[in-house]
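Each remark here refers to the structure printed beneath this line.
The values are calculated or read from the model by the stated rules, or taken from the named source; none is laboratory data. Model, not experiment: these values are computed from the prediction. Here the Cβ is made from the backbone with ideal geometry for all residues, glycine too, and neighbour counts use every protein chain on show.
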Amino acid sequence: MAVGWDPGLSTYFAIVFGTPEFAREPEVLLWRGRTFGEICEVAALLEIVQVFAEVAPEMRSRLDADRSA
């Protein structure tokens with residue numbers, strides 16, 4: 001899973017990958033935050049990914065800092 005802030009699109013993004021297989025790229029199970037301003041709040045981002053993974057509490061602060069930078 002990858003989460004972060006995309007300054008060019010002014011959105012947070014989340015990409016969730018399936019289990020990798022030998023000599024193949026992993027399947028993309030979820031990709032949100034591909035359009036301008038799609039996910040504007042960290043809380044909304046965390047709600048999207050909570051069904052796939054547990055996100056450490058300090059990640060919220062880091063995501064806020066990434067947006068502010």
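Things worth noting here:
- The residues of segment 10-31 that are part of a strand (DSSP E or B) and either surrounded by 11 or more Cβ atoms within 10 Å (Cβ to Cβ) or touching a residue at least 60 places away in the same chain (Cβ under 8 Å) (or both), listed by number, are Thr11, Tyr12, Phe13, Ala14, Ile15, Val16, Phe17, Leu29, Leu30, Trp31.
- Cβ separations smaller than 7 Å between residues 6+ apart or across chains give the following pairs from segment 42-53 residues that are within 13 Å of Leu30 (Cβ to Cβ) to residues that are hydroxyl-bearing (Ser, Thr, Tyr): Leu45/Tyr12.
- Applying the criterion of being part of a helix (DSSP H, G or I) and modelled with pLDDT of 90 or more to the residues of segment 46-59, the residue that is surrounded by the fewest Cβ atoms within 10 Å (Cβ to Cβ) is Glu58.
- Of all the residues in segment 19-61, those that are out of contact with any Gly (no Cβ under 9 Å at 6 or more places or on another chain), within 19 Å of Asp6 (Cβ to Cβ) and not hydrophobic (A, V, I, L, M, F, W, C) number 9.
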